1. Within the stretch A:38-72, can you find the residues that are within 11 Å of another protein chain (Cβ to nearest Cβ), surrounded by 19 or more Cβ atoms within 10 Å (Cβ to Cβ) and either part of a helix (DSSP H, G or I) or on the phi > 0 side of the Ramachandran plot (or both)?
2. Identify, by number, the condition in (1) in contact with a Ser or Thr (Cβ under 9 Å, 6 or more places away or on another chain); (2) facing another protein chain (nearest Cβ under 10 Å) that B:A137 doesn't meet.
3. Quickly run through the stretch B:268-279 and pick out the residues that are aliphatic (A, V, I, L, M) and modelled with pLDDT of 90 or more.
4. Need a quick list: strands (runs of 3 or more DSSP E) entirely within the stretch B:1-110 having at least 3 residues that are crowded, with 18+ Cβ neighbours inside 10 Å and at the interface with another protein chain (Cβ under 9 Å from one of its Cβ atoms).
5. What number of residues within the stretch B:208-242 are surrounded by 14 or more Cβ atoms within 10 Å (Cβ to Cβ) and acidic (D, E)?
6. If you check A:I96 against the conditions, is it touching a residue at least 12 places away in the same chain (Cβ under 8 Å), crowded, with 19+ Cβ neighbours inside 10 Å, away from chain B (no Cβ under 14 Å) and not charged (D, E, K, R)?
7. Which residue, of B:E176, B:E172, is closer than 30 Å to B:A139 by Cβ, of a type in the set (D, E, K, R) and either touching a helix residue (DSSP H, G or I) at 6+ places or on another chain (Cβ under 6 Å) or assigned to a helix (DSSP H, G or I) (or both)?
8. On the given criteria, is B:Y245 among the hydroxyl-bearing types (S, T, Y), outside the structural domain of B:L48 (by TED's automatic domain parsing) and surrounded by fewer than 16 Cβ atoms within 10 Å (Cβ to Cβ)?
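The values are calculated or read from the model by the stated rules, or taken from the named source; none is laboratory data. Values in this document were obtained by computation on a predicted structure and should not be read as measured data. Cβ atoms come from the backbone with ideal geometry, glycine included; neighbour counts cover every protein chain shown.
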Amino acid sequence: MILTIWKKDLKRLWWGILLTTGFLVRLAFLDAMRKESMPWTEEAWLSLLLPLSWIAILGMAIHEDTPGNSRAYWASLPVRWQSVVAAKLLLAVTAILVPYGIATGLILQWHGLDWTSYAVELAMKQLHVLAIVVLPGIAIASLFRNLSQAILAFLAAAVFAGISLEGSGLGLTKDGLLLVASMIWLGLGGRLRLKVGSKLPGGIIKPDGR
Amino acid sequence: MIRTFDLTKRFGKTMALDRVNLDLPANSIFALAGPNGAGKSTLLHLLLNHFRSDGGQSEIAGVDSRKLSPKDLQKIGYVAESRHLPEWMQVAEFFRYTSQFYPNWQPDQLRDLIGLFRLPMEAKVSSLSRGKRMQVALAATLAYRPQVLLLDEPFQGLDVLVRDQVIESIVERSAESTVLLASHDLAEIESFATHFSYLSEGRLKFSGDICQLQSEFREVEVVLREAVEIEVPGHWMNYSIQGEYVRFTDSKYAGTDAIRERFQGVADITVRNLPLRAIFVEMAREGQKS
C-alpha cells in the first residue's frame, strides 16, 4: 500500500520533481563553477527557491492525504496512517534526498574530490536536509490545510530560526539551532495532526466531522 | 453487523453523542435521520474509528471499531458527500487507484455501475458535478461488494433521476450488504429503507423498523364537549388545546378507546396516518420544545 500511494504521488507531482531537480542541477553546476559566494546572484536565489519548491511538493503530497483529516480519501481506504506517512517520507527520499545526495556528490567530483572520502559529511548533509526541510515541511503541511499558508509558515519558521541564531548567545551552531527549531515544529505537528484516527485530539475536527 | 453500546462522544463541552445504542440487523437498510448537528456524521466517524469515543463502544462487521485493521476495512464501504476525492485524477485512473486497495475488486461489477451511471471515464474528477462525484464514489465502493455500507448524505444535491439510480444500486446490493444511511431526505428514505432511527442533540429518540414506526405514530384530533385539562402522557407529542379542540401526535397509538379514556366527554376523534417526513417533523418539534 505504501508503494501504491507513493506511485500515485509520483504520477501527480512528476513535473514538480523534475523542476526542483532542474533547480538542483543548475545550483550544483553554479556551485562547482564559482570560487566565492556572491549575495543576490542566481545561485543565491536558487538556494532560496529550492527549499521552497521542495516544501511545495511535500505540501501538495501531504494535503491530498493529510494524516489527521477524516475527510481525506485515504481515511476510508484499508490503509494505516503509518503507511500514508511512510509513503510521504518515501516520496521525500525520492524527490528530495536522493537528488540532493547525487548533486552534492557531483559538486565534490567537479571540484576534483573523491566523494567516497566524504561519505560521512555527505550523509550528515542529508540528515540536515531531512531535519531542516523534510520533517518540518511535513509537519507544517499537516498543520495547515492551504499550501500557501504552509509555505508562509515554513518561511516564518525559517526567519524565526535565523533571528534566534543572530540574537542567541547560546553558543549553538547554526545547524544545531535549526535542528532544534525544526524539531520543535515537528513536535508541534506530531502533537496536533500526525496522531490520526483514534488518537486524534477532538478539538481539531469539528463536531460535524469537518 | 453494526452495534453500538452506550456510545458517547464529546467535542469540548458539546455532547455530540449521548449513550447511543443501536443494533442493525444484517442485510437491512437502516436510515439515520436527525437535524443538522444531531450527531449522524459523528456516529459514522466513530464506527470507522476516525474518532475515539468518550464512552461505550461500537462494532462494525463484527469487529470492535477501535480494533479495525486494513483487512476489516476491505469489507466496509464509506461514501460521504463531504469526502475529498483526488481531484486531479481521471475517473478511470481513480478506479484503477482504488482497485489496488481491495483484493475483492470486481471489474464486472464496476463495468455495470459505469454503464448504469453513465460515468465519463476520461473526465477529471475535478470537472464532475456533485451528482457525478457521488456516483463515482459509490461505484468505487460498490465494486468491491462491501459487507457493510455507510452512506453520509448520499442524496444531497442530486437530481431526481440520479437519486433513483443511486437508490436502485443500493437496494440491489442490500441482499448482500447491511446499509447505514445518514440522511435528511426522508421522502427518499421512506421509499426503500427497512429501518429508521432518529437522532436529536446526540440522543437516539427512536430506533426500529419503518412499518413499526408508521403503525405507532398517528396524528390525532379530538373535539371535546367541553374544555378540560388533563395529565398528558409522555408519548403524546406536541400536545395543544384550544377550547374544545385538542391536537397531538401519538407516538404509541393503541386505538381510539385509549384516547377516549383520557378525556371526559369526547364529541369526535379523527386519527390520521403520518408519512415518515411528518413523523420526523413532529419529533424535531418535540425535541425543540424539550
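1. First, the residues of the stretch A:38-72 that are within 11 Å of another protein chain (Cβ to nearest Cβ): A:60, A:63-66, A:68-72.
Next, only the ones that are surrounded by 19 or more Cβ atoms within 10 Å (Cβ to Cβ) stay: A:64-66, A:68-70, A:72.
Selection gives A:E64 alone.
2. Of (1) in contact with a Ser or Thr (Cβ under 9 Å, 6 or more places away or on another chain); (2) facing another protein chain (nearest Cβ under 10 Å), only one is false for B:A137: (1).
3. Answer for the stretch B:268-279, where residues must be aliphatic (A, V, I, L, M) and modelled with pLDDT of 90 or more: B:I269, B:V271.
4. B:76-80
5. 3
6. It is true that A:I96 is touching a residue at least 12 places away in the same chain (Cβ under 8 Å), crowded, with 19+ Cβ neighbours inside 10 Å, away from chain B (no Cβ under 14 Å) and not charged (D, E, K, R).
7. Working: B:E176 fails: either touching a helix residue (DSSP H, G or I) at 6+ places or on another chain (Cβ under 6 Å) or assigned to a helix (DSSP H, G or I) (or both).
Of the residues listed, the single one that is closer than 30 Å to B:A139 by Cβ, of a type in the set (D, E, K, R) and either touching a helix residue (DSSP H, G or I) at 6+ places or on another chain (Cβ under 6 Å) or assigned to a helix (DSSP H, G or I) (or both) is B:E172.
8. Working: among the hydroxyl-bearing types (S, T, Y): yes; outside the structural domain of B:L48 (by TED's automatic domain parsing): yes; surrounded by fewer than 16 Cβ atoms within 10 Å (Cβ to Cβ): yes.
Taking the combined requirement at face value, the residue satisfies it.
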